[in-house]
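First comes the structure, then the notes that go with it.
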Amino acid sequence: MRVVVTGSSGLIGTALVTNLRADGHDVVRLVRRAPGSPDERRWDPPTRDLDPAALTGADAVVHLAGVGVGDKRWTDAHKKAVLDSRVDATSTIATAMAAAADGPRVLISSSAVGFYGDTGEEAVDESAPSGRGFLADVVRQWEAATAPAEQAGVRVVHARTGVVLSADGGALGKVLPLFKLGLGGRLGSGRQWMSWIALPDHIAALRFLLTADGISGPVNSTSPEPVRNRDYTKAIAHAVHRPALAIVPSVALRAALGGFADEGVLVSQRVLPGRLEDAGFTFTYDDVDGALSAIVG
């Protein structure tokens, strides 16, 4: 299989490219600089510039590019960058796929469980409506940007991803050094639900969706066992053999992170992978204790 990947230098993209190549698949990486190797093609999402010829002969595209939501405090400028990077890049990919001769017929487009907003104590699957807030609005526009590909008959999957757990980066990678020093702790009340997935399972889910011909539309890429923040905290501490006695008050999080505190940290999201499970996908790590013990180890 020949797969085009955007966002290939990120945490998920790096793992996916390595995994695909290990199984003998041909990977083409879209980059925003001058290509430095035969497997790279240049594109420029802000100007919607991608030569459809770059996709010729490919079987599928896995689109992962986008500015990190929690990389900076939520200023108006950063929120604009988060939205624009997703809409511009997705529209660029979808338009080029629609125009490509002998182009890919499958698009796995990264999305997020932010679509559902704050679900409180309610467990939701892909049938749930969109929630409220900035992130829910971003996801709606992000997913809508695939329209040109869908209209051209491409099978499009929106992989609504939870918190991806890896020791090498992401949310876990950022806090792991603190936990190893015994300085970790719960965030706010700790009662909020967190929808997570171990990086190996997320890569396996993306691979599964590449060839699941009967699946299109939204698919939640989350563990079947969401966890409360306080229990997630305990699981990290147990994995690194340290206490986790600290409490980061909600007011401090809001002061440090702005709006991201309420929508990205204190939000309660209990999201279930209904469509993956119905399709027969098997999770290697379905409980957070086992996942973190394996990841940290």
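The values are calculated or read from the model by the stated rules, or taken from the named source; none is laboratory data. On a predicted model such as this, the values are computed, not experimentally measured, just so you know. We place every Cβ from the backbone using ideal geometry, glycine too, and count neighbours over all the protein chains shown.
Only residues that are in a helix (DSSP H, G or I) and of a type outside the set (D, E, K, R) were counted in region 194-213, giving 11. In the set (1) modelled with pLDDT of 95 or more; (2) more than 14 Å from the chain's Cα centre (by Cα); (3) in a helix (DSSP H, G or I), the condition left unmet by R191 is number (3). If I filter region 70-108 down to residues being among the polar types (S, T, N, Q) and crowded, with 24+ Cβ neighbours inside 10 Å, which single residue comes out as nearest to T222 (Cα to Cα)? So, considering only residues that are among the polar types (S, T, N, Q) and crowded, with 24+ Cβ neighbours inside 10 Å, the one nearest to T222 (Cα to Cα) is T90.
Of the listed requirements (1) under 16 Å from V67 (Cα atoms); (2) surrounded by fewer than 18 Cβ atoms within 10 Å (Cβ to Cβ); (3) in contact with a strand residue (DSSP E or B) (Cβ under 6 Å, 6 or more places away or on another chain), A123 misses just one: (1). So which residues in region 265-278 are assigned to a helix (DSSP H, G or I) and either crowded, with 20+ Cβ neighbours inside 10 Å or among the polar types (S, T, N, Q) (or both)? Correct list: V265, R275, L276.
Per the conditions (1) in contact (Cβ under 8 Å) with a residue 12 or more places away in the chain; (2) closer than 27 Å to R140 by Cβ, the sole criterion not satisfied by D168 is (2). In this structure, does S268 turn out to be within 20 Å of E122 (Cβ to Cβ) and among the polar types (S, T, N, Q)? Answer is yes for this residue. The residues of region 55-104 that are small (G, A, S) and within 23 Å of H202 (Cβ to Cβ), listed by number, are A58, A60, A65, G66, G68, G70, S85, A89, A94. Anything in region 126-142 that is within 17 Å of G66 (Cβ to Cβ), surrounded by fewer than 23 Cβ atoms within 10 Å (Cβ to Cβ) and not aliphatic (A, V, I, L, M)? List them, or say none. F134, D137, R140, Q141, listed by residue number.
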